[in-house]
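Visitor: Okay, handing you the structure first.
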Amino acid sequence: MFRLTHDCRLDPRPTTVLIDMDGTLLDSLSAITGALSRALGDYGHEAAPESLRRYVGPPIREAMTELLPEVPLDEAVAHYRAVYGASMLESPLFAETRPLLDALALSGLPLAVATSKKEVNAREVLVHHGLDDRFTVISGAGEGDRNGDKAAVVADALRRLAAGGADVSAPIMIGDKIHDVEGAASSGVDTILVGWGYGSAEERSQALAVADDVAGLRRMLSV
């Protein structure tokens, strides 16, 4: 849908922006890996938090299927959610988050969060940081992690943006992992990955573009 011009701007200019949460807006690596480690330990599996980094990003049901195959999935997920919920609000924003959202707010572009996090938790975190009013739509997993994969979340965000009157003819996704790229692509949406997130060089090579800092991302978005 988009191409990058010689001065690293998207052509056409996006009409709306979808943004991932963990690893893009929120520096939640320690909280998530710590909660995973504690949840695994409760079932007799010892795993250092640093060994669990790759599970930050994918839907939690995928992670728990792999990490605790002997435990009923709903039980494993519910236990992780309870452990994570106790420290969820301790995760700081990235230094880049407020400057980026300030610039996007001034641009007038409709914004949506598109996260595999439970929607109720995503909203709670954004309220905690005073950022919930920046977004037209906050889309995440429903009860029982319904629609928790990134493809479903992106599709839901686009539906809700359109229902609210936003122009979704040229949406762009901003994320940090391959799951953002692949999930957005299911709806025909291109993705910019941010250099401050948790994605690998291989993952970033699959994106339309990589923004190393807010200045570069603002240039791409023409805001």
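Visitor: Can you work out ³J(HN,Hα) from phi for every residue in the range 78-91, in order, using Karplus 6.51 cos²θ - 1.76 cosθ + 1.60 and θ = phi - 60°, giving whole Hz and x for Gly and Pro?
Guide: 4, 5, 4, 4, 5, 5, 5, x, 5, 10, 3, 7, 7, 5
Visitor: For the chain, what does the helix formula give at 222 nm: sum of -39500 (n - 2.57) over DSSP H segments with n ≥ 4, over the residue count, nearest 500 deg cm²/dmol? Mind showing how you got there, number by number?
Guide: On the way: 9 runs with 90 residues, N = 223.
The helix-only estimate for the chain comes to -12000 deg cm²/dmol at 222 nm.
Visitor: Right, another one. Can you give the direction-averaged projected area of the convex hull of the alpha-carbon atoms in the range 20-98, in nm²? Let's see the in-between values first.
Guide: Working: hull surface 20.2 nm².
Average projection, Cα convex hull of the range 20-98: 5.0 nm².
Visitor: Moving to a separate point now. Would the range 75-161 count as rounded, prolate or oblate if I go by the C-alpha gyration tensor, calling it rounded below 1.5 in a/c and otherwise prolate when a/b exceeds b/c, oblate otherwise? Kindly include the intermediate steps, with their values, before the conclusion.
Guide: Details: a/c = 2.72, a/b = 1.33, b/c = 2.04.
Note, shape of the range 75-161 comes out oblate.
Visitor: Roughly what would the spin-label model give for E182 and E46, points 7 Å off Cα along C-beta, in nm?
Guide: Result: 3.2 nm between the two label points.
Visitor: How big is the convex hull of the Cα atoms of the range 178-223, per residue, in Å³?
Guide: Numbers: hull volume 3.0 nm³, N = 46.
Normalising the Cα hull of the range 178-223 by residue number yields 66 Å³.
Visitor: How long, wide and thick is the chain, going by the Cα atoms along their three principal axes, in whole angstroms, largest first?
Guide: 54, 35, 30
Visitor: May I pose another question? Please list the non-local residues whose amide H lies under 5 Å from the amide H of D190, H modeled 1.01 Å from N, same-chain partners needing a gap of 5 or more.
Guide: Here M173 satisfy the definition.
Visitor: So, one more: For the range 155-222 and the range 1-40, write down the distance between their C-alpha centroids in whole Å.
Guide: Spelled out, the Cα-based centre of one part sits 7 Å from the other.
Visitor: Now for a different question. For R98 and E70, what is the calculated FRET efficiency with R₀ set at 45 Å and r taken between the beta-carbons, to the nearest 0.05? Present the calculation step by step, with values, prior to reporting the outcome.
Guide: Details: r = 43 Å, r/R0 = 0.96.
In this case the efficiency is close to 0.55.
Visitor: In addition: Give the shape of the range 149-201 as rounded, prolate or oblate, defined through the alpha-carbon gyration tensor: a ≥ b ≥ c are the square roots of its eigenvalues, a/c under 1.5 means rounded, and otherwise the shape is prolate if a/b is larger than b/c and oblate if not. Numbers along the way, then the final one.
Guide: Numbers: a/c = 2.53, a/b = 1.98, b/c = 1.28.
It comes out prolate by the Cα gyration axes.
Visitor: Counting GluC sites (Glu not before Pro) as exposed when in a DSSP loop with at most 14 other beta carbons within 10 Å, what is the longest stretch of the chain free of them?
Guide: Working: sites that count: E46, E70.
By the stated rule (loop sites, at most 14 other Cβ atoms within 10 Å), 71-223.
Visitor: What is the ratio of the Cα radius of gyration of the range 93-223 to 2.2 N^0.38 Å, where N is its residue count, to two decimals?
Guide: Working: Rg = 13.9 Å, N = 131, 2.2 N^0.38 = 14.0 Å.
Cα-based Rg divided by the globular estimate yields 0.99.
Visitor: At most 15 other Cβ atoms within 10 Å and a DSSP loop assignment: could you name the chymotrypsin sites (Phe, Trp or Tyr not before Pro) in the range 22-91 that fit? Show your work: numbers first, answer last.
Guide: Details: sites: Y43, Y55, Y80, Y84; in loops: Y43.
Of the chymotrypsin sites (Phe, Trp or Tyr not before Pro), the ones in loops of the range 22-91 whose Cβ has at most 15 other Cβ atoms within 10 Å are Y43.
Visitor: For the chain, take the longest principal axis of its alpha carbons; what is the angle in degrees between that and the long axis of helix 97-107, to the nearest 10 within 0 to 90?
Guide: 30
Visitor: I would also like to ask the following. To one decimal place, what Kirkwood hydrodynamic radius in Å is obtained for the range 1-44 from all pairs of distinct Cα atoms? Can you show the working numbers first?
Guide: Values: mean 1/r = 0.0721 Å⁻¹.
Result for the range 1-44, one decimal place: 13.9 Å.
Read-outs throughout are calculated quantities, based only on the coordinates presented, and are distinct from any laboratory measurement. A quick note: this is a predicted structure, and the numbers were derived from the prediction, not measured. In this analysis, Cβ positions are derived from the backbone assuming ideal geometry, glycine residues included, and neighbour counts consider all displayed protein chains.
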